């Protein structure tokens with residue numbers, strides 16, 4: 001029995017040393033803005049500090065002008081494509097997604113998302129929301145048929161942000177009163193070579209508006225936090241059983 005437990009412990013430990021991703025790495029489409037040098041921004045705090053440096057501290061962190069700076073930085077920081085945990089980072093989530101799908105290994109923890117050069121629309125929206133949350137700016141999720149974006153509130157007005165597909169918009173264009181959550185009113189601001197705009201935003205549809213300041217993907221967040229710790233420490237359980245076997249009654 002000891003051999004079984006030692007073998008099981010080794011089996012559960014081994015993935016923590018394998019820097020292997022079970023999903024294919026997305027390729028940069030060479031249409032989006034992307035600056036590989038910004039990969040050094042690998043935490044939310046660094047993202048905020050870098051945005052401060054870009055704005056030269058001209059804008060307060062809870063203003064529309066500052067949010068536009070953060071959005072511009074994020075457009076260059078990421079290219080589109082869902083990042084996925086490697087076996088070393090969270091092998092339980094990685095294997096679960098490989099077997100069952102459902103985006104279970106696509107990070108929803110902002111600090112984890114910023115460890116990659118690429119991120120999906122919902123992942124970039126999560127990072128932007130976390131920055132705004134730290135700066136006391138109200139935010140809410142916008143859902144489209146195959147896309148997610150973000151709205152931020154300034155001076156009692158809501159403004160549209162999409163760092164993933166990078167629409168070219170003025171501050172006034174972003175104001176809710178000028179598009180009223182109608183997807184067709186947004187399409188003219190997107191790059192014409194993004195073939196997925198109609199598929200992503202839908203045709204003549206209203207965006208699904210989330211609750212203000214709602215925690216993004218709470219169940220996925222909890223799943224990833226729990227499985228990350230289990231991935232790193234579950235091997236200790238069979239090791240304990242091997243070293244300290246239960247006493248049997250004689």
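Values quoted throughout were computed directly from the atomic coordinates according to the rules given, and no laboratory measurement underlies them. These numbers were taken from a predicted model, which means no experiment stands behind them.
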| said: Can you tell me, using C-alpha contacts under 8 Å and at least 6 residues apart, the relative contact order of region 2-243 as a whole percent? | reply: 25 percent
| Share of alpha-carbon pairs per 10 Å distance bin for region 117-219, given as whole % | 15, 52, 30, 3
| field | Hydrodynamic radius of the chain per Kirkwood, over alpha carbon pairs, in Å | value | 19.9 Å
| remark: Taking every C-alpha to C-alpha distance in region 31-174 and binning by 10 Å from 0, the per-bin percentages run 12, 42, 34, 11, 2
| field | Space enclosed by the convex hull of the alpha-carbon atoms of region 64-125, per residue, Å³ | value | 76 Å³
| said: If you consider only alpha-carbon coordinates, what radius of gyration and Dmax does region 26-111 have, in Å? | reply: 15.8, 49
| query | In terms of the ratio Rg/(2.2 N^0.38 Å) built on C-alpha atoms, what value belongs to region 164-249? | reply | 2.06
| Mean separation of Cα contacts under 8 Å (6+ apart) over length of region 128-250, as relative contact order % | 24 percent
| CD proxy at 222 nm, helix term only [per DSSP H run n ≥ 4: -39500 (n - 2.57); per residue of the chain; nearest 500] | -12000 deg cm²/dmol
